[in-house]
Amino acid sequence: MDQNKIRNVAIIAHVDHGKTTMVDQLFKHSGMFRDNQEVTERLMDSMDLERERGITIASKNGSYNYKDYWINIIDTPGHADFGGQVERVLRMADGCLLLVDAQEGPMPQTYFVLKKALSHHLPIIVVINKIDKPAARCEWVMDQVFDLFVKLNAPDELLDFPVIYASAKEGYANFELADTGRSMAPVSEMIVKHIPPPVGSPEAPLQMQVNTIDYSQYLGRMGIGKVVNGTLRTNSNMAVVKRDGKIVPARITKIFRFECDRKVPTDEAGVGEIVAVAGLEDITVGVTFTDPDDPRPLPLIEIDPPTLSMNFIPNDSPFAGLEGKFVTSRHLEERLRRETLSDVALVVTPLTDAVGYKVSGRGELHLSILIEKMRREGYEFQVTRPQVIMREENGQLMEPYEELTIDVDEAFKGVVIEKLGNLKGHMLDMTQDRGMARLTYKIPTRSLLGFRSQFMTDTKGLGIMNYVFAEYGPYAGDIVNRVNGVLVSMETCTTVAYALFNLQDRGRLFLGPGIKIYKGQIIGENSRNADMVVNPAKGKKLTNMRASGSDENVVLTPPVNMSLEDCIAYINDDELVEITPQTIRLRKKGEANFKKRG
Ligand SMILES: Nc1nc2c(ncn2[C@@H]2O[C@H](COP(=O)(O)OP(=O)(O)OP(=O)(O)O)[C@@H](O)[C@H]2O)c(=O)[nH]1
Ligand SMILES: [Mg+2]
C-alpha cells in the first residue's frame with residue numbers, strides 16, 4: 001500500500017455528539033455498501049451492551065476508500081469512564097476529527113479528548129455536528145471551541161484549525177454553514193488535505209505497538225496497532241518486547257487489515273497501516289513487535305490512573321452457587337486478570353484482609369460495564385460499595401474531584417444548586433440561555449456516587465449531567481450520599497403481596513410479590529434514616545387458607561426498578577450487591593441476626 005495514500009484518523013468527542021453515526025455516513029458515502037444493502041445504524045457499536053445502551057464502550061477500527069486514498073478511521077468512546085481507551089488509540093492516529101454538538105457546544109469530555117490529542121501534537125479538524133437541530137447555535141459553538149483551544153495552549157499551527165459543518169444523521173457536511181451540499185465528501189476532502197500521511201521508514205527495523213485487544217472466537221486474542229516502521233509479515237521471525245521490557249521471540253500467524261467494519265487477511269503490512277494480528281495468546285496492550293536483531297520497543301503508553309475502586313468477592317449469600325457457572329475466587333481471579341490484559345485503565349490487586357480482589361477503574365460506568373459483561377458470561381460474585389482512591393501529598397489527604405456540567409430548565413436550577421451545595425460542590429460558572437441554565441461545578445468524585453438518580457428525580461428526567469475527572473484536591477470531609485435506611489428481610493422466604501402491601505407505607509420497595517429472598521436481603525428503602533427488619537412473607541398462612549386469588553385484592557405500587565448502576569451507587573459500607581447471571585440482589589453484609597424490630 002502506498003504510504004502517502006494512507007490517512008489514519010481518530011474521531012473524538014464528548015459522549016453522544018455523533019461519532020459512530022459519522023462513521024456510518026463516511027462508509028455509506030464511500031460506496032462500501034450495495035445500494036439495496038440493509039446497514040444497521042451505528043454499525044461500529046457491535047457489542048450487545050453498546051447496542052442496548054446506545055453508547056460506544058470499546059474503540060473500534062474501520063476503513064474506507066476516498067478517491068485513491070485509504071482512510072483508516074478509529075471510532076472512540078465519548079463517555080469519560082472510557083477515556084483511557086482514547087488515550088491509547090491516539091497512538092494509531094495521525095490526526096483527529098473533533099466533533100462538537102452544534103447546540104451543546106464543547107462539554108467536559110471534549111476538553112479531555114482535545115487535551116490528549118494536543119499532547120500528541122495531532123492536527124485537528126473541527127466538525128460542528130448536528131447542525132440540523134432546530135436549537136443549533138453554530139457561531140456560539142465555534143467561539144467556545146476556539147476558546148477551548150486557547151485554554152489548552154494549542155500551538156499556533158494547531159490553533160488555526162479547519163472547520164466543517166455537518167449533520168451526521170442526515171448524511172451531509174459542508175465547508176460553510178450556508179452551503180447546501182448533501183454529501184459527506186467535504187469531510188474526506190479535509191482529511192486528505194489536513195491530516196498528513198503516516199511518517200516512518202519501510203527500511204527501518206520493524207516497530208508495531210499493540211494499542212487495543214480484540215477477541216475472535218476462531219482466532220483468539222488479537223492485537224491491534226499501527227506499523228510505525230518496517231514491514232510486518234506473517235510467519236517471519238520477530239521479537240516481541242513485553243510491558244516489563246522482556247524480549248521474547250514471536251511469530252504471528254495472521255494479519256488483518258480493516259475494510260469497512262470487517263477484518264480482511266493479508267500477508268504483510270507496511271508503514272502506516274493499522275492492522276490486527278493473531279497468533280499470540282498472551283498478547284497485551286503496550287507490547288511492541290520488533291526486529292529480533294535490532295529490537296526497538298516503543299515507549300509504554302502512559303495513561304491517567306484510576307480514581308474509583310470496588311472489591312469483587314466470591315458470593316457467600318444464602319443463594320450462592322445456585323445461578324452462576326463460575327463462582328469461585330479462582331474463577332474471579334482468572335477473569336479479572338484477563339480483563340487487565342486488554343484494559344490497562346483497570347487495576348486489580350488481591351485483598352489482604354479477605355478473599356477477593358480490589359478492582360480499580362475510572363468510574364462507576366467503567367466498573368459496572370465490567371460487572372455486566374462478567375454476569376453475562378456466567379459469573380456470580382458480590383461487590384462492595386465503590387470507594388474513591390485517596391492519596392497523600394505532603395502529609396495532606398487528597399481525593400479526586402470532577403468537573404461537573406449540568407444543563408437544566410431554569411425552573412429546576414434552585415433545587416440542583418441546593419443539592420450540590422450539600423454535597424460540597426463548588427460552583428465555577430453559571431450561564432443562562434433561552435430558558436436553560438448551564439451550571440459548572442468542581443465537586444468531589446465521592447459526592448457524585450448515586451447522585452444521578454436523585455438528579456433525574458429532581459429534574460423530572462429532563463436534566464443532563466456530565467462529569468470528567470478534574471484533579472486531586474484536599475479531602476472535603478464527610479459527605480452523606482444516602483440518608484435513608486433500608487428494609488431488610490428477617491427470613492428466607494417468598495415475598496407475599498399482602499405483606500408487601502403492609503410494608504409499602506414504610507418506604508419504597510425494590511421487589512414485588514412471589515420473589516424468593518433470603519434473610520438479610522434488602523427489599524426496599526426505609527423512609528426513615530435507620531434500617532428496619534421486616535417480614536415480607538407475613539400473612540402467608542392467611543393467604544394459604546383463603547380462597548386462591550385473594551391476593552389479587554391487594555393493590556401494590558410498582559416496585560422501584562434498580563439497574564445494576566443504581567444498585568452499586570446505592571449501597572452503604574455494610575451492604576453488598578450480589579450479582580448472578582439471572583439476578584441482582586442487595587444485601588446486608590455478614591451473619592447479622594436480622595430479628596424483627598420496628
Ligand atoms: N439531530 C441529529 N442527531 C444526531 C446527529 N448525529 C448523531 N445524532 C444522534 O445522536 C445520538 C448519538 O449518536 P452516536 O453516533 O451514537 O454518538 P457517539 O458520539 O458515537 O456516542 P458515544 O460513542 O457513546 O460517545 C444518536 O441518537 C444519533 O442518532 C446529527 O447530525 N443530528
Ligand atoms: Mg459512538
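The values are calculated or read from the model by the stated rules, or taken from the named source; none is laboratory data. None of these values were measured; they are calculated from a predicted model. Note that each Cβ is placed from the backbone with ideal geometry, even for glycine, and that neighbours are counted across all protein chains shown. For the accessible areas, the whole protein counts, side chains as well, though only heavy atoms, and no ligand, DNA or RNA atoms are used. Shrake-Rupley method; radii C 1.70, N 1.55, O 1.52, S 1.80 Å.
A few notes on this one:
- Enumeration of residues in region 18-40 that are near ligand 2 (Cβ under 9 Å from one of its atoms) and either among the polar types (S, T, N, Q) or outside any helix (DSSP H, G or I) (or both): G18, T20, T21
- Among the conditions (1) surrounded by fewer than 16 Cβ atoms within 10 Å (Cβ to Cβ); (2) within 13 Å of ligand 1 (Cβ to nearest atom), the only one that Y165 does not satisfy is (1).
- Residues within region 539-571 that are outside any helix (DSSP H, G or I), open to solvent by 60 Å² or more (accessible area, probe 1.4 Å) and modelled with pLDDT under 85, tallied: 4
- Test: residue in region 82-92 that is closer than 30 Å to E339 by Cα, away from ligand 1 (no atom under 16 Å from the Cβ) and open to solvent by 30 Å² or more (accessible area, probe 1.4 Å): yes
- Across region 118-153, the qualifying residues are those that are small (G, A, S) and free of Cβ contacts under 8 Å to residues at least 40 places away in the same chain, and the one among them that is least open to solvent (accessible area, probe 1.4 Å) is A136.
- Filtered residues of region 396-417 (kept if open to solvent by 60 Å² or more (accessible area, probe 1.4 Å) and either of a type in the set (S, T, N, Q) or modelled with pLDDT of 95 or more (or both)): Q396, L397
- Pair list, Cβ < 8 Å and 6+ apart or interchain, from region 1-16 residues that are within 30 Å of T110 (Cβ to Cβ) and open to solvent by 10 Å² or more (accessible area, probe 1.4 Å) to residues that are of a type in the set (F, W, Y) and away from ligand 1 (no atom under 16 Å from the Cβ): R7/Y69; R7/W70
- Filter result for G435 (under 18 Å from the mean Cα position of the chain (by Cα), modelled with pLDDT under 95 and farther than 27 Å from K115 by Cα): no
- Contact map, region 64-90: residues that are at positive phi paired with residues that are open to solvent by 10 Å² or more (accessible area, probe 1.4 Å) and away from ligand 1 (no atom under 12 Å from the Cβ), Cβ distance under 8 Å, separation 6+ or inter-chain. Pairs shown: K67/V192.
- Contacts under 7 angstrom Cβ, first residue in region 38-59 being among the hydrophobic types (A, V, I, L, M, F, W, C) and near ligand 1 (Cβ under 10 Å from one of its atoms), partner open to solvent by 60 Å² or more (accessible area, probe 1.4 Å) and not in a loop (DSSP other than H, G, I, E, B), 6 or more apart: none
- Failed condition for A135, given (1) within 16 Å of ligand 1 (Cβ to nearest atom); (2) under 27 Å from F256 (Cα atoms): (2)
- For K373, the conditions (1) over 19 Å from C567 (Cβ atoms); (2) touching a residue at least 12 places away in the same chain (Cβ under 8 Å) all hold with the exception of (1).
- Test: residue in region 368-377 that is part of a strand (DSSP E or B), of a type in the set (D, E) and touching a helix residue (DSSP H, G or I) at 6+ places or on another chain (Cβ under 8 Å): no
- Taking region 137-170 as the range and being outside any helix (DSSP H, G or I) and farther than 22 Å from I195 by Cα as the test, the residues that pass are R137, K169, E170.
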